[in-house]
Amino acid sequence: MDPKVYDAIVVGTGAGGGTAMKILCEAGLKVCAINSGPRTDPETDYRNHRQVYDLKYRGHGDPLRLKGKAHQEPYSVEESEYSEGRDLFEHDIAYSNAPGTDWYWKRCKATGGKANFWGRSSARFGDIDFKAADLDGVGENWPVDYAEIAPWFSKAERYMGVASTIQNRPSNPDGEYLPPMPFRCIDYIIQKGAEKIGVPYLPDRCAQLTTDHNSHPACHYCGNCSRGCDVGSFFSPTWFTIPEAEATKNLTLLTNSLVRSVLVDESGVAKGVEYVDRTTRKEVEVYAQVVVLAASCVETAHIMLNSKSRHWPTGIANSSGQLGRNLCEHLYGSPGYGYLPRLLGQPATPDNIADSTVAWMPRWQNLKNPREEKFVRGYSVYMGGGCGEFPGYYGQIEGFGSGFKRDLKRYYPTTMGALIQAPTLPSPTNYVDIDPEKKDIFGIPQLRFHFQWGPNELLMWEHSKQVMIDLFKAMGGELWGADDQPNRPGTSLHETGVCRFGADPKTSVTNKWAQTHDVPNLYICDASIFPNCTDKTTTMPIVAFTMRTCDHMLNNFKKGFYKRV
């Protein structure tokens with residue numbers, strides 16, 4: 001037991017947790033932040049602009065690094081030899097998939113979490129998302145409207161630094177932006193082709209600094225963003241919120257500390273958390289007036305489901321029975337890829353200015369009528385191409401030896417591909433629960449996933465394939481193919497819904513302030529409160545909603561609902 005009592009405990013140091021601890025520390029609260037894994041150190045954990053051929057395993061990492069680990073599957077994109085560092089990613093703790101489920105749970109346990117390696121797309125949600133149930137009759141409305149949350153989106157954008165343009169589109173309201181990322185030759189070709197088929201192609205809302213911003217340097221376009229920025233030129237807790245919280249001297253940061261449950265007092269109110277010290281395997285209790293869970297969407301639900309007591313026999317704050325339910329996700333996959341013959345013979349240029357995308361096709365479906373298409377709501381598409389670090393199209397080219405190499409170089413400036421981002425709808429068959437038979441190496445009952453793609457998002461998937469056929473024809477491109485199946489569920493890292501907020505305590509876990517209905521000093525600051533996915537990503541909205549939640553919490557401190565220690 002830690003004898004000290006804090007004003008607040010924050011579990012998790014990613015987009016939501018990092019923002020919460022910064023705001024609470026700057027307000028003068030004594031905060032204990034608890035992180036599952038080690039402290040991220042860019043100097044030693046990132047690869048500082050080295051190329052793959054400079055690395056021992058050519059970027060793939062030590063093939064034996066996961067030997068003996070409980071979860072031996074490496075994580076695509078985010079985890080590589082560039083960023084495997086000192087065991088930054090979670091492989092010690094296994095999870096379960098129910099029969100018929102193939103969930104891919106990618107986890108970063110280091111401080112800053114997945115927000116160290118995210119894709120940086122940062123569009124606002126709008127009333128077309130918040131009130132979608134009114135439009136199409138599916139699911140639940142969010143307990144907020146755009147007018148209420150817009151000032152917090154602005155505050156998040158001003159803090160993070162988001163590059164984009166004013167676009168006047170109903171699916172993603174405009175915000176306060178830095179200058180956009182520059183379009184490349186390939187972007188202008190895509191844009192002209194998209195115009196011919198009535199599809200928008202616009203600068204993404206990208207949290208990547210195109211100018212110096214809030215004491216952070218502008219991006220120098222090295223193109224290795226999703227493996228950790230060496231200089232802090234895009235929003236990440238490692239470079240932004242964590243050092244700012246530490247500068248207040250009000251933060252106690254515990255690393256390698258895996259939270260297993262929320263502790264309650266004799267009345268069922270939160271009094272702290274219990275965690276396992278990964279190094280010693282000892283269980284430790286730490287206490288606070290307020291507990292904030294920001295462990296990432298499904299891990300927050302995992303902690304709450306394991307927080308059982310005589311007051312909460314099915315998990316803390318679960319009188320509604322909705323804890324762990326309504327699991328939503330983005331369907332990812334490539335609906336089309338190929339090349340532009342007009343660019344054959346062009347010299348290679350260093351145009352890989354960001355290793356995700358600088359432009360997107362924001363949702364254009366069902367904007368005038370919620371039933372225009374065979375599916376409800378809508379999806380967005382990200383296009384990639386140009387001279388990337390690695391010729392990912394190698395599998396589309398036949399040959400061997402010098403001829404194969406010549407063709408790789410010949411096609412190098414010409415290739416492009418699409419990535420769909422299609423939101424699932426809430427379903428009673430998609431949820432997480434506790435595996436009744438399995439525990440992890442620390443003795444904590446494992447999380448179990450139940451999930452299948454639904455017919456609505458699969459209709460979007462097929463629709464996007466036809467869009468790519470039309471687009472390549474309009475651009476004068478040659479379509480090589482498309483993915484046969486969507487990516488595995490979990491690939492996007494954008495899961496939502498399992499602690500959804502709402503006005504009715506009978507159908508939701510938290511109120512509109514992300515304060516649990518049942519336990520007034522327990523708050524949630526991650527995407528688990530969002531009732532469903534939209535066609536946009538979740539990180540910037542997590543920051544915005546966390547700012548709003550912390551403002552509400554601090555007002556409750558001022559009103560005397562919680563006592564300062």
For segment 1-72 versus segment 105-164, the gap between their alpha-carbon centres in whole angstrom: 22 Å
If you split all Cα-Cα distances of segment 333-418 into 10 Å bins from zero, what percentages do you get per bin, shortest first? 15, 38, 25, 15, 7, 1
Given 10 Å bins starting at zero, what is the percent of C-alpha pairs of segment 498-551 in each, up to the one with the largest pair distance? 28, 56, 16, 1
Stick to Cα atoms and the Kirkwood definition of Rh, then tell me Rg/Rh for segment 175-260. 1.14
Contour minus Cα-Cα distance for Lys438 and Glu246 (0.36 nm per residue): 65.3 nm
So the compactness index of segment 423-514, its C-alpha Rg divided by 2.2 N^0.38 Å, takes the value 1.57
Cα-based Rg then Dmax for segment 440-565, in Å, read 20.8, 67
Ellipticity estimate at 222 nm from DSSP helix runs (n ≥ 4, -39,500 (n - 2.57)) divided over the chain, nearest 500: -6500 deg cm²/dmol
Long-range alpha-carbon pairs in segment 1-150, meaning those over 22 Å apart, account in percent for 61 percent
Let a ≥ b ≥ c be the square roots of the eigenvalues of the Cα gyration tensor of segment 141-224; is it rounded (a/c under 1.5), or, if not, prolate (a/b larger than b/c) or oblate? oblate
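Run the dipole for segment 39-158 about the Cα centre, Lys and Arg Cβ at +1, Asp and Glu Cβ at -1, nothing else charged, and hand back the magnitude in debye, nearest 20. Spell out each step's value before the answer.
Numbers: 18 positive and 22 negative charges, 127 e Å.
Charge dipole of segment 39-158: 620 debye, to the nearest 20.
On alpha-carbon atoms, Rg over Rh for the chain using Kirkwood Rh? List each step's numbers first, then the result.
Values: Rg = 23.1 Å, Rh = 24.1 Å.
Rg/Rh for the chain comes to 0.96.
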Which of the GluC sites (Glu not before Pro) across segment 253-343 are loop residues per DSSP, with 16 or fewer other Cβ within 10 Å? Glu266
Cα extents of segment 355-462 along the three principal axes, largest first, in whole Å? 56, 51, 24
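Report D for segment 241-369 in µm² per second (integer): Stokes-Einstein, Kirkwood Rh on Cα pairs, 4 °C, 1.567 mPa s.
Taking Rh from Cα pairs, D becomes 65 µm²/s.
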Please label the shape of segment 466-520 as rounded, prolate or oblate, based on the square roots a ≥ b ≥ c of the eigenvalues of the alpha-carbon gyration tensor (a/c under 1.5 means rounded; beyond that, a/b larger than b/c means prolate, else oblate). prolate
Where Lys and Arg each count +1 and Asp and Glu each count -1, what net charge lies around Ala15 among other residues with Cβ under 10 Å from its Cβ? 0
Taking segment 89-182 as the region of interest, what is the percent of Cα-Cα pairs per 10 angstrom bin, listed from the shortest bin to the one with the maximum distance? 13, 29, 29, 25, 5
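All of the numbers you see were taken from the coordinates with simple rules; none came from a lab. Just so you know, these numbers come straight off a predicted model, no measurement behind them. All Cβ positions, glycine included, derive from the backbone under ideal geometry; neighbour counts span all protein chains shown.
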